[in-house]
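The values are calculated or read from the model by the stated rules, or taken from the named source; none is laboratory data. What you see is a predicted model, and the numbers here were worked out from it, not measured in a lab. Backbone-built Cβ (ideal geometry, glycine too); neighbour counts: all protein chains shown.
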Amino acid sequence: MWSGSFAAGTAQRCGFEKPDYAEAIGSVTFTSQAVTPTDDRTARYFFSWGPHRDHGDEAPRDMLMGLADRAFAEDKVMIEAQQRVIDRTPSPRIMPTVHDRGVTLFNRLVDRLARAEAGDAVAA
C-alpha cells in the first residue's frame, strides 16, 4: 500500500482516482504486510514500512519502523488476550464486522474451491 500527502483539492482534481505520487508534497510511504499461519494458534507477521526513495532515507525509515514496532506490540497484547478468551469459550463463533469483508470473502472463496476440488477428486 502506498500513501502520501497532497495539496488540497488533489482528490477532486483527480476525479477521486489514484493521484500521481510524483505530485506528492511529502510523506510518501509504502507498507507491505503478510500474515502466515504456522499452526492453529500461531502465525508469523511480516511487515515493512518506509519512505519512497524521493521522500526520505534511513532516518524516516527507522522512525516509521519504530512506530510500527510500538503499534504491533500493543496489537500483540490484544490479540493474545482475544486468543485466551477464545480458548476459554465453549464453541466460539467468529462474528465478522464490515471491516472483515475482505477476509470473509477470501475465506468463502477458499472454502468453495476446496469443496469443488474434493468433489472433483471423488468424481475422478
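Can you say whether Val103 is within 30 Å of Ser5 (Cβ to Cβ), of a type in the set (A, V, I, L, M), under 23 Å from the mean Cα position of the chain (by Cα) and loosely packed, with under 10 Cβ neighbours inside 10 Å, as far as the supplied structure shows?
Against the criterion (within 30 Å of Ser5 (Cβ to Cβ), of a type in the set (A, V, I, L, M), under 23 Å from the mean Cα position of the chain (by Cα) and loosely packed, with under 10 Cβ neighbours inside 10 Å), Val103 does not qualify.
Do the conditions hold for Glu74, that is, is it of a type in the set (Asp, Glu), modelled with pLDDT of 90 or more and over 20 Å from the mean Cα position of the chain (by Cα)?
no
Just to check your reading of the model, which residue among Asp62, Asp87 is surrounded by 10 or more Cβ atoms within 10 Å (Cβ to Cβ) and either in a helix (DSSP H, G or I) or basic (Lys, Arg) (or both)?
Answer to the selection: Asp62.
Do any residues in the stretch 75-104 that are outside the structural domain of Val35 (by TED's automatic domain parsing) have Cβ atoms under 7 Å from those of residues that are assigned to a loop (DSSP other than H, G, I, E, B), where the two are at least six apart or on different chains, and which pairs are they?
Thr104/Pro96
Filter the stretch 1-50 down to the residues that are touching a Lys or Arg at 6+ places or on another chain (Cβ under 7 Å) and in contact (Cβ under 8 Å) with a residue 12 or more places away in the chain and list them by number.
Scanning the stretch 1-50 gives a single hit, Gly50.
If Leu67 satisfies all but one of (1) among the hydrophobic types (A, V, I, L, M, F, W, C); (2) modelled with pLDDT of 85 or more; (3) in a strand (DSSP E or B), what's the number of the condition it fails?
So Leu67 meets the others, but not (3).
Hey, can you tell me all the residues within the stretch 15-29 that are within 14 Å of Gly4 (Cα to Cα), of a type in the set (A, V, I, L, M, F, W, C) and either assigned to a loop (DSSP other than H, G, I, E, B) or modelled with pLDDT under 85 (or both)?
Result: Ala24, Ile25.
Looking only at the stretch 35-67, which residues are of a type in the set (Ser, Thr, Tyr) and more than 14 Å from Trp2 (Cα to Cα)?
Thr36, Thr38, Thr42, Tyr45
Can we say Met95 is loosely packed, with under 10 Cβ neighbours inside 10 Å, over 27 Å from Trp2 (Cα atoms) and under 21 Å from the mean Cα position of the chain (by Cα)?
The answer is yes for Met95.
Every residue, every condition in (1) out of contact with any Pro (no Cβ under 9 Å at 6 or more places or on another chain); (2) small (Gly, Ala, Ser); (3) surrounded by 11 or more Cβ atoms within 10 Å (Cβ to Cβ), yes or no:
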residue: Thr10; (1), (2), (3): no, no, yes
residue: Glu23; (1), (2), (3): yes, no, yes
residue: Pro37; (1), (2), (3): yes, no, no
residue: Arg41; (1), (2), (3): yes, no, no
residue: Gly50; (1), (2), (3): no, yes, yes
residue: Glu58; (1), (2), (3): yes, no, no
residue: Glu74; (1), (2), (3): yes, no, no
